[in-house]
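Working notes for the structure below.
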Amino acid sequence: MQRFLSTFRLYLFMTGFLVVAFLLELLLSGYEKHRLYNALENLILAIGLLSFCRLIFPKRRWSLFQVITCIFILFIVLLEGAYFLILDAVFSPSAIFIAMETNVSESLEFAQDYFSYSVLFYVFVILVSGFFMIRYEALRSSELNFKWLYYVGVLGAIIGLRHPLIYPQNLPFTLSTGIIDYWTTSYELNKQKTNKYGGFTDVSADLSGDELYVFVIGESTNRNHMQIYGYGRETTPKLTAVQDELTIFKDVISSHAYTIASLTRALRLTDKIKDGNIIQLLNAASFDTFWLSNQAPIGLYETLVTKIGMTAHNTKFTSSETWLYKAPHDDVILPHFKKAVKKEGSKVIFVHLLGTHGAYYMRYPDNYKKFDPDLRRSKNPKVDHYDNAVLYNDYIVREIINISRARDQKSFVLYFSDHGEEVFDEIDYAGHSVDQNITKNMFEIPFVLWQSKAFQKEHNIEQDTDVKFSLEYLAHAIADLCGVQSNNVDYSKSLFNNSFKSSPRIILDSIDYDLKFVK
């Protein structure tokens with residue numbers, strides 16, 4: 001027995017380390033079945049890696065590879081545990097997309113917004129436990145006894161990690177899957193940046209040169225916090241003042257609850273990225289296209305949405321977030337919008353706002369602090385910050401409408417958000433999830449259309465504001481609204497068309513929204 005314990009002490013220490021991590025998660029969050037599977041997966045992986053190293057490397061190299069293995073497992077436990085405690089979700093391939101698209105400034109905002117002493121405590125305990133395991137056990141030499149058990153460990157890991165309840169929890173598998181998918185998507189979008197017309201050939205539009213079509217893309221805006229959608233607070237007074245001029249669609253959702261997945265799907269016509277995006281189609285229809293964005297765009301952190309935007313003929317990015325420079329408020333984009341609308345010819349302008357993106361308190365200037373968090377009249381101060389951000393966003397959207405109206409052209413402004421946001425409405429949480437622990441507020445978005453009188457005279461837009469629609473088919477609706485004729489457009493998928501046919505609204509690629517959230 002003593003010889004056995006001497007040989008496999010590191011295995012026992014590793015088991016104890018993972019048990020401590022699991023118990024900490026139970027203490028700080030509560031029991032979740034998938035976390036038990038995750039703990040088992042980490043144990044199987046650790047045993048398999050340690051056994052494999054002892055089988056293929058000479059004994060004098062054991063300490064080195066034991067340390068490497070322990071550091072690797074420590075990294076996995078820290079990443080998965082902190083992610084779970086912050087977002088109450090398992091690290092998934094979708095999370096890789098988020099990580100690859102997040103710049104340093106956004107990371108700092110996230111850390112400030114979701115700072116928690118419980119997470120800090122978890123990280124401290126795990127780091128200390130991991131240090132002692134590595135310092136006092138991983139570096140220790142042991143004898144080559146019970147060699148057959150190492151083969152059992154490797155074989156057991158191979159079999160165990162393939163179990164359908166276990167392998168989705170495997171972080172190396174998740175990382176590799178997410179990174180491969182990300183770079184595949186990025187590669188296809190890179191090609192579109194230099195191919196502004198895509199493969200679209202049978203495209204036409206009856207243009208007079210007087211067209212001014214504007215699409216305002218908001219960020220993380222939950223329509224249930226907007227006055228024009230019945231919210232109890234006056235968060236959209238400027239849009240409410242012109243409510244009679246607006247078509248307010250009441251039941252539009254996003255197909256995902258985070259920007260990358262939602263907009264990369266919304267701005268293309270099919271499930272296949274290589275089939276091209278809506279901006280390429282508009283270019284082929286002889287529109288002069290613009291992409292104006294207040295979201296950080298370039299360098300190492302160039303985003304997938306940015307790459308779609310850069311297929312436009314004209315691009316302008318007003319934010320260049322760094323460690324010390326924070327994103328400006330959205331009014332910075334208005335002078336560039338005014339300049340764009342003055343250009344001659346038929347124009348389609350996309351305006352991508354920061355909107356109500358967390359951290360909410362950074363999304364509005366001091367003079368829009370209408371709902372004072374210090375008065376504690378809400379469930380959480382973040383609710384007040386969020387409502388102030390919605391109030392400021394109301395000003396920005398109304399200004400874009402005013403600028404467009406002043407041009408007295410055949411024009412419209414369509415405002416929508418990339419996805420919604422949970423702000424303590426259904427659960428004790430503020431933010432949006434990647435693909436777990438979702439609420440309807442993360443998908444329910446504003447979808448508001450303003451039309452000039454000149455545009456209304458020539459177009460008969462479907463006015464059924466109760467129609468159920470998903471951003472999954474937004475590109476078809478945009479093409480239809482802009483009067484584009486093409487075999488690539490399915491007009492039955494446009495809520496603006498009389499031939500519109502409703503279809504199941506799928507979220508997260510596989511869930512029927514209307515069955516998931518029965519009203």
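Laboratory data are not the source of any read-out in this text; all were calculated from the coordinates shown. Predicted model only: the values in this text are computed from it and were never measured. Cβ sites come from the backbone with ideal geometry, for glycine too, and all protein chains shown count toward neighbours.
Okay, here's what the table says:
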read-out: Degrees separating the helix 62-87 axis from the principal Cα axis of the chain, which is the longest one; value: 40
read-out: For Phe447, distant residues with modelled amide H under 5 Å away; value: Phe249
read-out: Percent RCO, i.e. relative contact order, over segment 381-519, from Cα pairs under 8 Å lying at least 6 residues apart; value: 17
read-out: Cβ-based charge dipole, the chain, positive-most Cα from Gly199, Cys70, Gly209; value: Cys70
read-out: Order by protection proxy (mean Cβ within 10 Å, highest first), peptides 190-200, 71-81; value: 71-81, 190-200
read-out: Rounded to 10°, Cα long-axis angle of helix 147-160 versus longest principal axis of the chain; value: 20
read-out: Listed residue pairs exceeding 26 Å between alpha carbons, taken from Lys307/Lys501; Lys339/Lys440; Lys193/Lys238; Lys238/Lys369; value: Lys307/Lys501; Lys339/Lys440; Lys193/Lys238
read-out: Nearest 10 degrees, 0 to 90: helix 381-406 Cα axis against the chain principal axis; value: 30
read-out: Relative contact order computed over segment 443-496 (Cα-Cα under 8 Å; 6+ residues apart), in percent; value: 35
read-out: Computed [θ] at 222 nm, deg cm²/dmol, the chain (DSSP H ≥ 4; -39,500 (n - 2.57); rounded to nearest 500); value: -14000 deg cm²/dmol
read-out: Mean separation of Cα contacts under 8 Å (6+ apart) over length of the chain, as relative contact order %; value: 19
read-out: Charge dipole (debye, nearest 20) of segment 210-470; +1 at Cβ of Lys and Arg, -1 at Cβ of Asp and Glu; value: 580
read-out: Relative packing of 327-336, 247-256, 202-211, which averages over residues the other C-beta atoms within 10 Å, highest first; value: 247-256, 327-336, 202-211
read-out: Peptides ranked, highest mean first, by Cβ atoms within 10 Å: ranges 344-354, 370-380, 406-416; value: 344-354, 406-416, 370-380
read-out: Rounded to the nearest 20 debye, dipole of segment 370-430 from Cβ charges on Lys, Arg, Asp, Glu; value: 420
read-out: Size of charge dipole - the chain - debye, nearest 20, with Cβ of Lys, Arg +1 and Asp, Glu -1, no other charges; value: 1660
